Amino acid sequence: MLFVFAGSALFCVGGAFMKASHGFTQVGPSIVVALTFMLGSVLLSRAVSGQMLSTTLIVGMGIEAVGAVAFGVVVLGERLNPSQTGGIALVISGVALLRL
């Protein structure tokens, strides 16, 4: 499970830098995106090699999605409307059910 969390965290960081790369027109953030996505892929592939693909990959993507939302709200000051908040609750519930 450590590989899933670490890989998801790297994808979340890469996503944050994707915004800062302004469509890959800024070199520094673009390099961070490429490196974090490559390392995240390596870690998730390690996680998948020891567990079921169908649940492990979805759990990793769910963790990444929730992390990206948290980053957007806390760091970037984005606001969520009630339907978006409900959707996030469904993602969290789905990930929790997959881990049972």
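The values are calculated or read from the model by the stated rules, or taken from the named source; none is laboratory data. Only a predicted model underlies this, so the values are computations on that prediction, with no experimental measurement involved. So basically every Cβ, Gly included, is an ideal-geometry build from the backbone, and we count neighbours across all protein chains shown.
If you go through the range 52-87 and keep only what is buried (at least 16 other Cβ atoms within 10 Å of the Cβ) and without any contact (Cβ under 8 Å) to a residue 24 or more places away in the chain, you end up with 57, 69, 72. Within the range 50-100, the set of residues being part of a loop (DSSP other than H, G, I, E, B) and among the basic types (Lys, Arg) comprises just one member, 79. Being modelled with pLDDT under 95, exposed (fewer than 15 other Cβ atoms within 10 Å of the Cβ) and part of a loop (DSSP other than H, G, I, E, B), is that true of even one residue in the range 26-49? The answer is no; no qualifying residue exists. Looking at the range 4-25, which of the residues that are among the β-branched types (Val, Ile, Thr) and assigned to a helix (DSSP H, G or I) is farthest from residue 71 (Cα to Cα)? Applying the filter and picking the extreme gives 4.
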